[in-house]
Amino acid sequence: MRIATVSSAAIALSMLAAPAAHAVVIGTLGNNGSAFVTIDSLGSRTGGTIYTADQPFADIPAGGVYNNQFLASGPSSGTPPGTPAVITFNQPLTYLSFLWGSPDLYNKLTLTTNVGTYSFDVAGLNFAVTNGNQAFSQYVQFQTSAGEYLKTAKFDVTSPIDAFEVANFRTGVPEPATWALMIVGIGFAGAAMRRRQTVSLKYA
């Protein structure tokens, strides 16, 4: 009886760190004005290519880019060419913002979290311009709900000729209190599992 009580308490505490059932990532236009971070500092990347100037197939986002760098994904970028750019973040993120260059309906953004996968495009985000105008760029931002964090971002293109250009990234990480709760929950979950294994071996 005592063993069951201990296990239940551990499981209950671990659930405090679990994502909410109605967790969601909200995407809107704009940014929070925090400092820019370099593309390479975000994490490991596959596909896409980082450029410092206009290319025949990809244009630097209008309005100026931080560190003179932008990431382009499309049929002429990446290794092998056409491989979508995927960034796996170095640390969990609760907030992500970037400048979306020459937006068109072929650009597809997919964000993966510890809860699920979310897809965004310029139509769904209500861009004022969606025809690939190279003189237009738009900041977008994505915020997670409590208990959810961003793991990867995928920049894909469904056109055989167009590119998806992004720059000027801003990020946010979980608050210290959230981190502490997650760590405590994981610790109690591990303790409960070890306790259960010990009891099973004892009465086997």
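The values are calculated or read from the model by the stated rules, or taken from the named source; none is laboratory data. Small disclaimer: the values here were computed from a predicted structure and weren't measured. Every residue, glycine as well, gets a Cβ built from its backbone with ideal geometry; the counts of neighbours run over all protein chains shown. Surface areas here come from the heavy atoms of the whole protein model, side chains and all, with no ligands, DNA or RNA. Shrake-Rupley method; radii C 1.70, N 1.55, O 1.52, S 1.80 Å.
Among 32-38, 61-67, how do they line up by average Cβ neighbours within 10 Å per residue, starting with the highest?
Result, highest mean Cβ count within 10 Å first: 61-67, 32-38.
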Quote the FRET efficiency, to the nearest 0.05, computed for Ala62 versus Thr117 with a Förster distance R0 of 30 Å and r equal to the Cβ-Cβ distance. 0.50
Residues Ile161 and Ala128, FRET efficiency given R0 of 22 Å [Cβ-Cβ distance, rounded to 0.05]: 0.40
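For Leu42, what charge total do you get from the other residues with a beta carbon under 15 Å from its beta carbon, if Lys and Arg give +1 and Asp and Glu give -1? Walk me through the numbers before you get to the answer.
On the way: positive: Arg45, Lys151, Lys154, Arg170; negative: Asp40.
Local charge sum for Leu42: +3.
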Around Ala153: net Lys/Arg minus Asp/Glu count, Cβ-Cβ under 15 Å: 0
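If you take every residue apart from Glu165 with its C-beta less than 12 Å away from the C-beta of Glu165, what net charge results, scoring Lys and Arg +1 and Asp and Glu -1?
Local charge sum for Glu165: -4.
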Keeping every protein chain in place, order Thr94, Thr88 by accessible area at 1.4 Å, biggest value first, i.e. largest first. Thr88, Thr94
